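Please read the structure below before turning to the comments.
Taken together, the values in this text are just the output of simple stated rules run on the coordinates, not laboratory data. For clarity, every value in this text was computed on a predicted model and none was experimentally measured. Every residue, glycine among them, receives a Cβ derived from its backbone with ideal geometry; neighbour counts consider all protein chains shown.
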Amino acid sequence: MAKKLLLLNGPNLNLLGTREPEVYGKATLADICNAAIAQAAAAGASMVCFQSNHEGALIDAIHDARTDGVDAIVINPGGLTHTSVALRDALAGVAIPFVEVHISNIYQREAFRHHSFLSAIAQGTICGLGIDGYRYAIDFALKKR
Ligand SMILES: O=C(O)[C@]1(O)C=C(c2cccc(Sc3ccccc3)c2)[C@@H](O)[C@H](O)C1
């Protein structure tokens, strides 16, 4: 059975490529999603990409992932990383393996970015590797049994 992957991006990530290239690079979210879809397809898997600036919409997407038979999630929660117990609860509740990705190295930034509500329940967390972090996370998800 072909693997089904879901790539979730949180608030403000729709603006990637427009500002702060020194922090987030010049790639747009469309660039990231197109690359993710191609990477999954090359491995015989399917990839759906979803971005929202709204916590509840991301939670609904996580719930839908369970009913849709998603095998693994790659998520960049954006600012919700540091605030959202509800997002953590949704991921824990559906029990779908997920990898947390941050483009920037959150540990080199403001102190409030040093804590993630998700990392403790993630398969792993990748941060500071730019958009390559998405590729590494997807590669891991594809290999995971
Ligand atoms: O490094 C990340 O990917 C991160 O998840 C992404 C974040 C983030 C924050 C604001 C905007 C954006 S995306 C963006 C980049 C440049 C201009 C506008 C929006 C990402 C932060 O909230 C997180 O602390 C870290």
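So how do GLU100, GLU55 line up by other beta-carbon neighbours within 10 Å, fewest first?
GLU55, GLU100
Evaluate the distance, in nm, between pseudo-label points positioned 7 Å from the Cα of ALA86 and of ALA57 along their respective Cα→Cβ axes.
1.4 nm
Provide the gained length on full extension for the span ASP68 to ARG19, in nm with one decimal, where the gain is 0.36 nm per separating residue minus the Cα-Cα distance.
14.2 nm
Can you tally the net charge around ALA45? Count Lys and Arg as +1, Asp and Glu as -1, for every other residue whose Cβ sits under 10 Å from the Cβ of ALA45.
+1
Neighbouring Cβ atoms within 10 Å as the yardstick, rank ASP71, ASP31 fewest first.
In order of increasing Cβ crowding within 10 Å: ASP31, ASP71.
Expressed in nm to one decimal, what extension gain is obtained for the pair ALA111 and ASN34 from 0.36 nm per residue of sequence separation less their Cα-Cα distance?
Between ALA111 and ASN34, full extension yields 24.5 nm more.
Over 12 Å apart: what share of the alpha carbon pairs of the stretch 60-114 falls there, rounded to a whole percent?
68 percent
Between PHE140 and MET1, what FRET efficiency comes out of the Förster formula 1/(1 + (r/R0)^6) with R0 = 25 Å and r the beta carbon distance, rounded to 0.05?
On the way: r = 19 Å, r/R0 = 0.76.
The pair MET1/PHE140 has a calculated efficiency of 0.85.
Under a point-charge model restricted to the Cβ atoms of Lys and Arg (+1) and Asp and Glu (-1), what is the dipole moment magnitude of the stretch 21-79 relative to its Cα centre, in debye to the nearest 20?
Numbers: 2 positive and 7 negative charges, 28 e Å.
With only Lys, Arg, Asp and Glu charged at Cβ, the dipole is about 140 debye.
Starting from the Cα gyration tensor of the stretch 79-145, take the square roots of the eigenvalues, sort them a ≥ b ≥ c, and report rounded, prolate or oblate (rounded when a/c is under 1.5, otherwise prolate if a/b is larger than b/c, else oblate).
Oblate shape, in that a/c is at least 1.5 and b/c is the bigger or equal ratio.
How large is the dipole of the chain about the Cα centre if only Lys and Arg carry +1 and Asp and Glu carry -1, each at its Cβ, rounded to the nearest 20 debye?
340 debye
Please build a GNM for the chain, connecting alpha carbons under 10 Å apart, and tell me which residue among GLN123, GLN108, GLN51 fluctuates the most.
It is GLN108.
Gap in Å between the Cα centre of the stretch 16-74 and the Cα centre of the stretch 86-107?
The distance from the Cα centre of the stretch 86-107 to that of the stretch 16-74 comes to 13 Å.
Kindly provide the pair-distance distribution of the chain built from C-alpha pairs, with 10 Å bins from 0 and whole-percent values in order of increasing distance.
Over the chain, the share of Cα pairs per 10 Å bin runs 12, 47, 35, 6, 0 percent.
Within a 10 angstrom radius of the beta carbon, how do ARG135, ARG109 rank from fewest other beta carbons to most?
Ranking ARG135, ARG109 by Cβ neighbours within 10 Å, fewest first, gives ARG109, ARG135.
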